[in-house]
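Below: one structure, written as structure tokens.
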Amino acid sequence: MKFFSFLESAVNSNSSLLCIGLDPIPSLMPLGITVLDFNKAIIDATADMVCAYKPNLAFYETEGERGWETLKQTIEYIPKNIPVIADAKRGDIGNTSQAYAKALFEGLGAHAVTVNPYLGMDSVEPFTNYCDKGVFILCLTSNQGADNFQKLTVKKDSVEMKLYEQVGMYAEQWNKNNNIGIVVGATHPSEMRSLRKAHPNMTFLVPGIGTQGGDIKSTMSSGLRTDGKGIIVNSSRQILYASNGPDFAKEAARIAKTLRNELNIYR
């Protein structure tokens, strides 16, 4: 099954546009629990409330070989009807990207990946060549430093536009296998609105809700497609660390349910 069909199936079955970022920070977790057991408890508590899980590889890579094994075991534990987006932000010259794509899709078993397009089409194509996998291209990120480059005005064929707009344009052009989406931060609602107007059918992966200050109402009004879908709203710390006590999974489920239901209000 192609990725976006797989994603839509999860959206429909769980009535959810919520993605949970599985980003383990041991200092915020209950004392004495392993990362794998923490992840399993979060997954058990929330698997009927999400459309995807998104582990950020950095939080596992810090633990070396043990962390990579924990990540693989985490992905294997996720129910087979829920897509997994590897938040890797990879992107390099063609043969290196081929190795990254093979590692993430074949070795790790991810269904989709985040990709940095700075090196251009030949750095993205090795990922999109996996026709049944999803590729989310960084377009306009949620962090404060996004303005340093992403909102610069650039000129292409005598037409001026913002750099993030040009990234969106290329993402549309490169989408020959219908497996590309773009990352658009919830902290930029007006820019998200313009991107949605320019790309009415594309799927947006949206970080920045909650801890980073993104607002659900403005995000949904700016980024939702006309079919009430086309947006994956990610939340990590707000859900994972709602409690660091023995009730952590229960509290995570409570926050996830609240967010899922709030997102559905605006569909």
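Read-outs throughout are calculated quantities, based only on the coordinates presented, and are distinct from any laboratory measurement. Note that this is a predicted model, so its numbers are computed, not measured. In this analysis, Cβ positions are derived from the backbone assuming ideal geometry, glycine residues included, and neighbour counts consider all displayed protein chains.
Descriptive notes on the structure:
- Selection within the stretch 181-230: residues that are of a type in the set (D, E) and in a loop (DSSP other than H, G, I, E, B). The member of this set that is surrounded by the fewest Cβ atoms within 10 Å (Cβ to Cβ) is D227.
- If only residues of the stretch 142-180 that are among the hydroxyl-bearing types (S, T, Y) and surrounded by fewer than 21 Cβ atoms within 10 Å (Cβ to Cβ) are counted, the one that is nearest to K2 (Cα to Cα) is Y170.
- Candidate set: the stretch 250-264, residues that are free of Cβ contacts under 8 Å to residues at least 40 places away in the same chain and of a type outside the set (S, T, Y); chosen: the one surrounded by the most Cβ atoms within 10 Å (Cβ to Cβ): I255
- The number of residues in the stretch 144-153 that are closer than 22 Å to D92 by Cα and either outside any loop (DSSP other than H, G, I, E, B) or under 19 Å from the mean Cα position of the chain (by Cα) (or both) comes to 4.
- Of the numbered criteria (1) surrounded by 19 or more Cβ atoms within 10 Å (Cβ to Cβ); (2) within 24 Å of T74 (Cα to Cα), the one K89 fails is (1).
- Scan of the stretch 168-188 for residues that are free of Cβ contacts under 8 Å to residues at least 60 places away in the same chain and under 17 Å from the mean Cα position of the chain (by Cα), ordered by number: G168, A171, I180, I182, V184, G185, A186, T187, H188
- Positions within the stretch 46-105 being touching a residue at least 60 places away in the same chain (Cβ under 8 Å) and farther than 25 Å from S123 by Cβ, in sequence order: T46, M49, V50, C51, N81, I82
- The set of residues in the stretch 22-80 that are small (G, A, S), in contact with a Pro (Cβ under 6 Å, 6 or more places away or on another chain) and closer than 24 Å to R90 by Cβ contains only A52.
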